[in-house]
Amino acid sequence: MIPAAAFLAVAATLFALGVLAFFVKRDLLTQFLAVEVMLNAANLAFLALAKASLKAEAQAMVIFVLTVAAAEAVVGLAIVLLVFRRRKTIRTEDLSGLKG
Amino acid sequence: MAWVLFGILSFLCLGAVAAMIVSSNQAHNALLLVLAFACLGGLFGLLDAPFAAAVQVIIYAGAIMILFLFAIMMVDLKAGLPPERRRYVLVLAGLLGAVLLAELLIVIRRAFLGAGGPGPADGQGPAGIGHLLFTRYLYPFEITSLLLVAALVGAMALADKPGRKEAS
């Protein structure tokens, strides 16, 4: 029997790695993947607590998180493709048009 | 046994994400994340959430990551692997295929002999989740369906080629 704390520790590490990847990587697509990692860490935490509290609510939440993640991926990838089509690059250093 | 599985799965999952931070090849990054999400599916299974585990593997490791791979192919077209590595890839693919076949055979054997493990606790299985979704969470459920339609239409509007004549 594995305690929920162990799963929560994995979820926290995963989330931290996702944040790290988001800030370290320098292209839009990989940063997007890092966001997905963070969402998955949240899912893992939800399920760990679901098991600890013996409630199915958290599993329903996981379904919602998944749906939102899918919608976000679709729109986000469309935007990334649009940026690539206009600027011919997805490296964030080259996309500094909004810098003051 | 559960601890061993937990250790292997969480190590693979965290290791894949860490490797993604180090690697600079976008296609490799996406494939590493497929591995990470598949391992997360295994962790979900360890948490007595088989439905979430199946959804994780099918939708996340399957559908969403395929979407990412398509986007990567469209954005960054690089030359294929060098020829000397193709043989190694072939061996790897054959090995994975054999593992998949073995898994399927085990599942079929179990389906016919009917030796299932203990199911999830009462109200925690797919039936319980479905009941919750259509009773207490009906409102959020409908809103998510609207969100999906909005995302679909938005993505089509965004990905439209510029300068094309409006129909009508």
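Readers should treat all values here as calculations from the given coordinates under stated rules, not as data from a laboratory. Here the structure is a predicted model, which is why all the values come from computation and not from measurement. All Cβ positions, even for glycine, are placed from backbone atoms using ideal geometry, and neighbour counts span all protein chains on display.
Apply the a/c threshold of 1.5 to the C-alpha gyration tensor of region A:4-89 and tell me whether it is rounded, prolate or oblate.
Oblate shape, in that a/c is at least 1.5 and b/c is the bigger or equal ratio.
How shielded is B:61-72 by partner chains, expressed as the average number of their Cβ atoms within 10 Å of its Cβ atoms?
4
Which of A:THR67, A:THR92 comes first, and how do the rest follow, when ranked by fewest Cβ neighbours within 10 Å?
A:THR92, A:THR67
Over the whole of A:29-37, what's the average partner chain Cβ count within 10 Å per residue? Rounded to a whole number, please.
That average works out to 6.
Between region B:1-76 and region A:23-77, what is the separation of their alpha carbon centroids in Å?
After rounding, the separation between the Cα centres reads 12 Å.
Taking the Cα centre of region A:4-89 as origin and charging only Cβ (+1 Lys, Arg; -1 Asp, Glu), how large is the dipole, in debye to the nearest 20?
Using Cβ point charges on Lys, Arg, Asp and Glu, region A:4-89 gives about 400 debye.
How tilted is helix A:28-53 with respect to the longest principal axis of chain A? Cα atoms for both, answer in degrees (0 to 90, nearest 10).
Its long axis makes an angle of about 10 degrees.
For peptide A:83-95, what's the mean number of Cβ atoms from other chains within 10 Å of each residue's Cβ?
Shielding by partners across A:83-95 averages 1.
Working from the alpha-carbon coordinates of the protein assembly as shown, get Rg over Rh, Rh being the Kirkwood radius.
We get a ratio of 1.00 for the protein assembly as shown.
If you place +1 on the Cβ of every Lys and Arg, -1 on the Cβ of every Asp and Glu, and leave all else neutral, what size is the dipole of the protein assembly as shown about its Cα centre, to the nearest 20 Debye?
That gives the protein assembly as shown a dipole magnitude of about 760 debye.
How would you order B:133-140, A:37-44 from highest to lowest mean count of nearby Cβ atoms within 10 Å?
Descending packing order for the listed peptides: A:37-44, B:133-140.
With unit charges on the beta carbon (Lys/Arg positive, Asp/Glu negative), name the residue among A:MET38, B:LEU158, B:ALA49 whose Cα is farthest towards the positive pole of the charge dipole of the protein assembly as shown.
Working it through, the farthest residue towards the positive pole turns out to be B:LEU158.
Can you count the Lys pairs in the protein assembly as shown whose Cα atoms are under 29 Å apart, with each pair 8 or more apart or on different chains?
10
Using a ≥ b ≥ c from the Cα gyration tensor of region B:1-77 (square roots of the eigenvalues), is it rounded, prolate or oblate, where a/c under 1.5 gives rounded and otherwise the larger of a/b and b/c decides, a/b for prolate?
In terms of gyration-tensor shape, oblate.
Between B:TRP3 and B:LEU146, 0.36 nm times their residue separation minus their Cα-Cα distance comes to what?
Length gained, B:TRP3 through B:LEU146: 47.4 nm.
How far is helix A:4-24 tilted, in degrees, relative to the longest principal axis of the Cα atoms in chain A, given as a value from 0 to 90 rounded to the nearest 10?
Value to nearest ten degrees: 10.
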